[in-house]
Each structure stands twice: as structure tokens, then as C-alpha cells.
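Trainee: Have a look at the structure that comes next, please.
The values are calculated or read from the model by the stated rules, or taken from the named source; none is laboratory data. These figures come from a predicted structure and were not determined experimentally. Here the Cβ is made from the backbone with ideal geometry for all residues, glycine too, and neighbour counts use every protein chain on show. SASA here: full protein model, heavy atoms, side chains in, ligands and nucleic acids out. Shrake-Rupley method; radii C 1.70, N 1.55, O 1.52, S 1.80 Å.
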Amino acid sequence: TRIHVHPKWLEACSDTQVCRWKIRTGVAKPILLSSQVAKYVASFGMIEIGETEGWAHFRNADSLVLSCRRYVDDFPDLEKLLAIEGKPVSLPKSLGDKADKAGIFSAENAEGNLVLVELLPGKVRIKSQGVSGRYKGWKKLPGFKGPRMEFLIDPQLLMDLVSKHSECQLADEHLKIESGAYKFVCCLSKPSENGRSESSEID
């Protein structure tokens, strides 16, 4: 619900994911804005920013001004999480189609909509199970030689990720994408012995 505007980047986080985009924002000191306001700033083509006590003001080329309140809440330091390193993996974009089909069944689960992704030498497999049935699909993964890895992830998030980025890093409980000025890290749930997920949260 908040966007942290730093002089050198924009960033945001939730309990399970963080992202940062390096860009010169024009602010002298970090400020905290509503994520809803950020959408309007982008859609109205705002090109200038000004600050007064408790307020941030944006103006576009047509002199339209959008003013919004600044939050005084503290924002967590994301450096440690964004520095996470893992095993480089190249996920095929066509994996999104498999995730979409698997999500039909996983969406039926009251405990959460998660699909199981298994990385095996030469292939990646997706599994899901719901009240009305189960799904299993796989794609070739030529660059992956092991060791075997598995994790649970929201199918919609997986679809979004592979549609924009094929290269990622997989750590024990995290997936990281780093592309140019953009960094994204999300927590991965691990399947437990009883088949339920064991989720990690960002501290």
C-alpha cells in the first residue's frame, strides 16, 4: 500500500515480496506515498515533483497538478533481501501456459492457491491438486543439470514472472530477478512432509 520514493530509486514490499527500480526521482530526501497515488502519477504523465511540509506535488506538461499527503511511517531497509544470491535458472516463457492450467485446480484449495514447481535435470514440472481433480505438466529445461529443486508458488505470479523475465536465481526460500535497474525478490513456500505448504515471510 506504500511506495518508498528514494532520491536514487523507487521501492515497495509486502510480507512475501520486495522490488526496487533504480531511477533518479527528483526528491531530496526519501518520502513515502500511497501506491494508489503512484498509479495516477504514471497515468497522468507527471514530469515534475515538488515538496512542501507533509505534501508531495506532481505536475505534467499540461500544468495539471496532483497533490497528495506524505506518510510519516518508517520503511524497512531492503538491502539485505535484495542482496540474496541463488542458483541461476532460465525458465521458459511457455511455462506460463502450464501454470495457468495448473491454477484451475489449485484455486480450489482453501489453504491457498499454490502450485508445485519441480526442477529436474533437463526439465521443469508443474503439479497441482484441487477438489475436482489434479494437473501435471512439464517443459524442457536444457540448461538445468541439478540438483533437484522444488517450491510452491502462486500460479498467477509465476505467469507474470516468466512472461517478462526468463532468467532468475533460485535460493533455498527465495526467487530473485535482476534485470538492469530492476530487482525483485519473492519468498517461496516449501512443500512439507504432509503435503501442505510451509511459507516464509520477509522479516
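Trainee: Sequence-distant or interchain residues sharing an amide H contact under 5 Å with HIS174, placed H: which?
Mentor: Placed amide hydrogens put LEU188 under 5 Å from HIS174.
Trainee: Also, quick follow-up: Give, in nm to one decimal, the length gained when the segment between SER94 and TYR40 is fully stretched (0.36 nm per residue of separation minus the Cα-Cα distance).
Mentor: This chain segment gains 16.2 nm when fully extended.
Trainee: Let me ask something else. Kindly report, to the nearest 10 Å², the accessible surface of HIS174 as traced by a 1.4 Å probe over protein heavy atoms only.
Mentor: 40 Å²
Trainee: Taking K and R as +1 and D and E as -1, what net charge do the other residues with C-beta under 12 Å from the C-beta of VAL185 add up to?
Mentor: That sum, taken over residues with Cβ under 12 Å, equals -1.
Trainee: To continue, here is another question. Test of the criteria: in the stretch 115-146, which chymotrypsin sites (Phe, Trp or Tyr not before Pro) are in a DSSP loop and have at most 12 other Cβ atoms within 10 angstrom of their Cβ?
Mentor: Loop-located and lightly packed - none at all.
Trainee: If you don't mind, another one. Not counting ligands, DNA or RNA, and with a 1.4 Å probe, what is CYS168's accessible surface area in Å² rounded to the nearest 10?
Mentor: Spelled out: CYS168, probe radius 1.4 Å, area about 10 Å².
Trainee: Ok, one more. For the chain, which whole percent of the accessible surface, found with a 1.4 angstrom probe, sits on carbon and sulfur atoms?
Mentor: Of the solvent-accessible surface of the chain, carbon and sulfur hold 51 percent.
Trainee: By the scheme Lys and Arg +1, Asp and Glu -1, what is the net charge of all other residues having a beta-carbon under 13 Å from that of VAL72?
Mentor: Once positives and negatives cancel, what remains is +1.
Trainee: Within the set of other residues whose C-beta is less than 14 Å from the C-beta of GLY133, count the net charge using Lys and Arg as +1 and Asp and Glu as -1.
Mentor: +3
Trainee: Give me the one-decimal nm value for the distance between modelled label points at LEU32 and LYS140, 7 Å along each residue's Cα-to-Cβ direction.
Mentor: According to this spin-label approximation, the distance is 5.0 nm.
Trainee: Gain in length, ASN60 to GLU150, computed as 0.36 nm per residue apart minus the alpha-carbon separation, to one decimal in nm?
Mentor: Taking 0.36 nm per residue and subtracting the Cα distance, the gain is 27.7 nm.
Trainee: Continuing with the same structure: List, in the order given, every pair from LYS145/LYS176; LYS39/LYS164; LYS136/LYS190; LYS39/LYS139; LYS98/LYS183; LYS139/LYS190 whose Cα-Cα distance in the structure shown is over 29 Å.
Mentor: Pairs exceeding the cut-off: LYS39/LYS139.
Trainee: I would also like to ask the following. Using amide H atoms built in the peptide plane, which far-off residues or other-chain residues are under 5 Å from ILE23 H to H?
Mentor: TRP9, LEU10
Trainee: Moving on. Hey, can you rank 87-100, 61-74 by average C-beta count inside 10 Å, highest first?
Mentor: 87-100, 61-74
Trainee: For the chain, build the charge dipole from Cβ charges (+1 Lys, Arg; -1 Asp, Glu) around the Cα centre, then report which of PRO7, PRO88, LEU78 sits farthest towards its positive end.
Mentor: My answer, from the dipole projection, is PRO88.
Trainee: Moving on. Measuring with a 1.4 Å probe in the full set of protein chains, what accessible area per residue, in whole Å², belongs to the chain?
Mentor: Result: 60 Å² of accessible area for each residue.
Trainee: What does the extension gain come out to for ALA107 and GLN169, with contour length at 0.36 nm per residue minus their alpha carbon separation?
Mentor: 19.7 nm
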